[in-house]
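Peer 1: Dropping the structure in here first, questions after.
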Amino acid sequence: MSHDRRKADHIRINLEENVQFPNLTNGFERYRLMHQALPELDLRAVDARVELLGKRLQLPLLISSMTGGTAAAAEINRRLAQAAQACGIAMGLGSQRAGLEQAETAHTFRVRDVAPDILLFANLGAVQLNRGYGLDHCRRALEMIGADALILHLNPLQEALQADGDWDWSGLLGKIEKVCRGLAAPVVVKEVGWGISERVARWLTDAGVAAIDVAGAGGTSWSAVESHRAPTEARRRLALAFADWGIPTAEALLQTRRVAPHLPVIASGGIRTGIEAAKALALGATAVGIAGPFLKAAANSSDAVVTAVEQFAAELRVAMFCAGAGTLQALREPGRIVAIG
């Protein structure tokens, strides 16, 4: 199946089908922010700004990498980018492999004309480093969209579930390290929804990544997505067998923080509200990433995305206010969040 057809399928399935994890959650229900009946703050002064990879964000929020390579994806990306510019948040593009291999699709990833100031992430599948990709491809991906940093995404389960997937993941860590050492721009490594373990986080830290996006389980199950694309009943059953696979986002965040205490960590995977984001930030995340809800909003308009971001921001600021934290640094102080159960 062609790469652009696959991307079109992914957009359609995410918009039309229920592809959430059947049972696995993001894990944040196991934590509670400690309510402060006397916050000693003015809500209007609560400051949720953060610096990430050298750029100041108005909110600790990244529109996570989703799509590109098709006409529909081009419109979605532009709407997302317009909203990111308006709200002062970061954005990642979908995998740019199509743009590199089919030059006529490169425009579907380009959004700098509508978002000149945002922290913008280019994106390639890390496994492509085992398929002949190298530093030149990474540089071209950055240049294609005028990106500030490069995401190398990890999706071994998704590839394993595809009959035509990339199955050889051997020797990849050393190639990731070469990119980290050789690329002038920061390199971020992220999962796509099954989580980063402590072991992998340690490897990536030693390899020289600039940040880690744990992209844990609990949101969109790409196993479920692939079940809708399966060409045979056997492949469909295989995908559904892994519908609840992965490390919940909260757990992946804590595991990564243990071995990378000073590295920027993005928490994504099933975060849907500003309250959940506040919990992730209190547990040590530098920022959070959200994909699915913004994809659905962008299918309507950029204004719908802005509205979704504003709702998120209001929830986050009220959560910080009621936790007695006027800044993100204060939100991370001991005692702001407690485990329950």
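Peer 1: Counting just the residues of the stretch 197-215 that are acidic (Asp, Glu) and assigned to a helix (DSSP H, G or I), which one comes out farthest from residue 150 (Cα to Cα)?
Peer 2: Taking the stretch 197-215 and keeping what is acidic (Asp, Glu), we get 198, 206, 213.
Add one more test, that the residue is assigned to a helix (DSSP H, G or I), and what stays is 198, 206.
On the way: 198: 22, 206: 18 Å.
For the stretch 197-215, the residue satisfying everything is 198.
Peer 1: To continue, here is another question. Output the residue which, of all residues in the stretch 297-311 that are in contact (Cβ under 8 Å) with a residue 60 or more places away in the chain and in a loop (DSSP other than H, G, I, E, B), is nearest to residue 74 (Cα to Cα).
Peer 2: In this case the residue turns out to be 299.
Peer 1: A further question follows. Output the number of the condition that residue 140 fails; it satisfies all remaining conditions of (1) of a type outside the set (A, V, I, L, M, F, W, C); (2) surrounded by fewer than 19 Cβ atoms within 10 Å (Cβ to Cβ); (3) within 21 Å of residue 215 (Cα to Cα).
Peer 2: It fails just one condition, (3).
Peer 1: Something else: Among what's in the stretch 285-296 and is in a helix (DSSP H, G or I) and hydrophobic (A, V, I, L, M, F, W, C), pick the residue that is surrounded by the fewest Cβ atoms within 10 Å (Cβ to Cβ).
Peer 2: Restricting to residues being in a helix (DSSP H, G or I) and hydrophobic (A, V, I, L, M, F, W, C), the top hit is 295.
Peer 1: Let me ask something else about it. How many of the residues making up the stretch 229-253 are surrounded by fewer than 19 Cβ atoms within 10 Å (Cβ to Cβ) and within 23 Å of residue 29 (Cα to Cα)? Write out each step before concluding.
Peer 2: Initially, the stretch 229-253 is screened for residues surrounded by fewer than 19 Cβ atoms within 10 Å (Cβ to Cβ), giving 230-238, 240-241, 244-245.
Now drop any that are not within 23 Å of residue 29 (Cα to Cα), which leaves 244-245.
Result for the stretch 229-253: 2.
Peer 1: Any residue at all in the stretch 212-223 that's at pLDDT 95 or above, out of contact with any Leu (no Cβ under 9 Å at 6 or more places or on another chain) and farther than 21 Å from residue 96 by Cα?
Peer 2: Checking the stretch 212-223: not a single residue is at pLDDT 95 or above, out of contact with any Leu (no Cβ under 9 Å at 6 or more places or on another chain) and farther than 21 Å from residue 96 by Cα.
Peer 1: Of the numbered conditions (1) at pLDDT 95 or above; (2) under 22 Å from the mean Cα position of the chain (by Cα), residue 324 fails exactly one; give the number of that condition.
Peer 2: Residue 324 satisfies every listed condition except (2).
Peer 1: Let me ask you something else. Within the stretch 253-262, identify whether any single residue is of a type in the set (D, E, K, R) and within 24 Å of residue 330 (Cβ to Cβ), and answer yes or no.
Peer 2: Yes, some residue in the stretch 253-262 is of a type in the set (D, E, K, R) and within 24 Å of residue 330 (Cβ to Cβ).
Peer 1: Another question, then. Assuming residue 135 fulfils every condition listed in (1) of a type in the set (A, V, I, L, M); (2) crowded, with 18+ Cβ neighbours inside 10 Å; (3) out of contact with any Asp or Glu (no Cβ under 9 Å at 6 or more places or on another chain) apart from one, which condition is it?
Peer 2: Of the numbered conditions (1) of a type in the set (A, V, I, L, M); (2) crowded, with 18+ Cβ neighbours inside 10 Å; (3) out of contact with any Asp or Glu (no Cβ under 9 Å at 6 or more places or on another chain), the odd one out for residue 135 is (2).
Peer 1: Additional query: Return the total of residues in the stretch 297-341 being farther than 19 Å from residue 83 by Cα and surrounded by fewer than 17 Cβ atoms within 10 Å (Cβ to Cβ).
Peer 2: 12
Peer 1: If you don't mind, there's one more thing I want to ask. Among the residues of the stretch 254-275, what is the count of those that are surrounded by fewer than 24 Cβ atoms within 10 Å (Cβ to Cβ) and either part of a loop (DSSP other than H, G, I, E, B) or of a type in the set (Asp, Glu) (or both)?
Peer 2: Final tally of qualifying residues: 7.
Peer 1: Tell me which residues, restricted to the stretch 11-28, are surrounded by fewer than 16 Cβ atoms within 10 Å (Cβ to Cβ), touching a residue at least 12 places away in the same chain (Cβ under 8 Å) and in a helix (DSSP H, G or I).
Peer 2: Correct list: 15 only.
Peer 1: Right, something else. Can you give me the ranges of the helices (runs of 4 or more DSSP H) entirely in the stretch 110-185 with at least 3 residues that are in contact (Cβ under 8 Å) with a residue 60 or more places away in the chain and not hydroxyl-bearing (Ser, Thr, Tyr)?
Peer 2: Because the criterion is at least 3 residues that are in contact (Cβ under 8 Å) with a residue 60 or more places away in the chain and not hydroxyl-bearing (Ser, Thr, Tyr), the helices (runs of 4 or more DSSP H) in the stretch 110-185 that meet it are 156-161.
Peer 1: Can you go through 198, 233, 251, 159 and tell me which one is on the phi < 0 side of the Ramachandran plot and either more than 20 Å from the chain's Cα centre (by Cα) or of a type in the set (Val, Ile, Thr) (or both)? Explain how you work it out, then say what you get.
Peer 2: Numbers: 198 fails: either more than 20 Å from the chain's Cα centre (by Cα) or of a type in the set (Val, Ile, Thr) (or both); 251 fails: either more than 20 Å from the chain's Cα centre (by Cα) or of a type in the set (Val, Ile, Thr) (or both); 159 fails: either more than 20 Å from the chain's Cα centre (by Cα) or of a type in the set (Val, Ile, Thr) (or both).
233 is the lone residue from the list that is on the phi < 0 side of the Ramachandran plot and either more than 20 Å from the chain's Cα centre (by Cα) or of a type in the set (Val, Ile, Thr) (or both).
The values are calculated or read from the model by the stated rules, or taken from the named source; none is laboratory data. In this text, all values refer to a predicted model and were calculated from it rather than measured experimentally. With ideal geometry, Cβ positions are generated from the backbone for all residues, glycine too; neighbour counts draw on all protein chains shown.
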